[in-house]
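Structure record follows, encoded as structure tokens.
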Amino acid sequence: GQQLNQSPQSMFIQEGEDVSMNCTSSSIFNTWLWYKQDPGEGPVLLIALYKAGELTSNGRLTAQFGITRKDSFLNISASIPSDVGIYFCAARLIQGAQKLVFGQGTRLTINP
Amino acid sequence: DGGITQSPKYLFRKEGQNVTLSCEQNLNHDAMYWYRQDPGQGLRLIYYSQIVNDFQKGDIAEGYSVSREKKESFPLTVTSAQKNPTAFYLCASNPHRVNTEAFFGQGTRLTVV
């Protein structure tokens, strides 16, 4: 089945640094999503991307839908302590089917 | 406030027992989903329902069962046939319209001993 390869698996950074993570796949998708999950909680949607090449920002977060439809990246600028958590990419092949494939997650740890 | 509620937050069961996890939403969403999350892994789809009285198997449905008798409710039963039931279970709902994304509940951590 379709799989998303998310990297890196974990990141340890200093407060104020920029962060970059990405997801790749051998399959083509029509939607890419980025979620953040705090410990013991459900994921919260950060950014949704619906068009190849689309670049979307949400505050300090920026994400792009790769032009090949097989990848996406998420950047976080000027990290702050509340950015700590696990970030997941997710992708959907068919609009309306609503079945998502998830990456393995990137665990972000920030040293103050 | 509108939202999606999972209960309980933590659940302990003895091996061999069936257990039912609750998921309720008051968002008037048509579609509901159950995911399983294991440490260091992404979410995997167990079952989903796009309309009342109808549901489909996801990628890892074996050992699980669901029902969708009401729009607001989508309970998941973890049966004794599930070989490795200890996990974090997440329920989600979605209006099932184009370019609308799912809201997740806070999850239930099931531990089978």
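Does A:ARG69 fit the bill of being over 23 Å from B:ILE60 (Cα atoms), basic (Lys, Arg) and either in contact (Cβ under 8 Å) with a residue 60 or more places away in the chain or not in a loop (DSSP other than H, G, I, E, B) (or both)?
no
One residue stands out among those in region B:1-29 that are charged (D, E, K, R) and surrounded by 12 or more Cβ atoms within 10 Å (Cβ to Cβ): the one that is farthest from the other protein chains (Cβ to nearest Cβ), which is B:ARG13.
Within region B:96-110, the set of residues being open to solvent by 60 Å² or more (accessible area, probe 1.4 Å), facing chain A (nearest Cβ under 7 Å) and without any contact (Cβ under 8 Å) to a residue 12 or more places away in the chain comprises B:VAL98, B:ASN99.
Scanning region B:97-113 for residues that are assigned to a loop (DSSP other than H, G, I, E, B) and not aliphatic (A, V, I, L, M) yields B:ARG97, B:ASN99, B:THR100, B:GLU101, B:GLY105, B:GLN106, B:GLY107.
Please enumerate the residues belonging to region B:30-52 that are facing chain A (nearest Cβ under 10 Å) and among the basic types (Lys, Arg). Of everything in region B:30-52, just one residue is facing chain A (nearest Cβ under 10 Å) and among the basic types (Lys, Arg), namely B:ARG44. The single residue among B:VAL113, B:VAL66 that is of a type in the set (A, V, I, L, M, F, W, C), surrounded by 15 or more Cβ atoms within 10 Å (Cβ to Cβ) and more than 14 Å from every other protein chain (Cβ to nearest Cβ) turns out to be B:VAL66. Confirm whether A:LYS36 is within 17 Å of A:ILE80 (Cα to Cα) and within 13 Å of chain B (Cβ to nearest Cβ). Criteria met by A:LYS36. Any residue that is over 26 Å from B:ILE60 (Cα atoms) and either assigned to a loop (DSSP other than H, G, I, E, B) or open to solvent by 30 Å² or more (accessible area, probe 1.4 Å) (or both) - is there at least one of those in region A:23-40? No, there is no match, as no residue in region A:23-40 is over 26 Å from B:ILE60 (Cα atoms) and either assigned to a loop (DSSP other than H, G, I, E, B) or open to solvent by 30 Å² or more (accessible area, probe 1.4 Å) (or both).
Filter region B:21-71 for residues that are touching a residue at least 40 places away in the same chain (Cβ under 8 Å), within 26 Å of A:LYS36 (Cβ to Cβ) and polar (S, T, N, Q) and give the result. Hits for region B:21-71 are B:SER22, B:GLN25, B:ASN26, B:ASN28, B:GLN37.
All of (1) more than 14 Å from every other protein chain (Cβ to nearest Cβ); (2) touching a Phe, Trp or Tyr at 6+ places or on another chain (Cβ under 7 Å); (3) open to solvent by 20 Å² or more (accessible area, probe 1.4 Å) hold for B:LYS57 with one exception: (1).
A quick yes/no check of all residues on (1) surrounded by fewer than 15 Cβ atoms within 10 Å (Cβ to Cβ); (2) on the phi > 0 side of the Ramachandran plot; (3) touching an Asp or Glu at 6+ places or on another chain (Cβ under 6 Å):
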position: A:GLY53; (1), (2), (3): yes, yes, no
position: A:THR56; (1), (2), (3): no, no, no
position: A:ARG60; (1), (2), (3): yes, no, no
position: A:PHE65; (1), (2), (3): no, no, yes
position: A:SER79; (1), (2), (3): no, no, yes
position: A:TYR87; (1), (2), (3): no, no, no
position: A:ARG92; (1), (2), (3): no, no, no
position: A:VAL101; (1), (2), (3): no, no, no
position: A:ARG107; (1), (2), (3): no, no, no
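Restrict the check to region B:56-63 and report whether at least one residue is assigned to a loop (DSSP other than H, G, I, E, B) and more than 15 Å from the chain's Cα centre (by Cα). Scanning region B:56-63, I find no residue that is assigned to a loop (DSSP other than H, G, I, E, B) and more than 15 Å from the chain's Cα centre (by Cα), so the answer is no.
The values are calculated or read from the model by the stated rules, or taken from the named source; none is laboratory data. Just so it is clear, the structure is predicted and the values come from calculations on it, not from any experiment. When we count neighbours, we look across all protein chains shown, and the Cβ atoms used for this are built from the backbone with ideal geometry, even at glycine. Heavy atoms of the whole protein, side chains included, go into the accessibility calculation; ligands, DNA and RNA do not. Shrake-Rupley method; radii C 1.70, N 1.55, O 1.52, S 1.80 Å.
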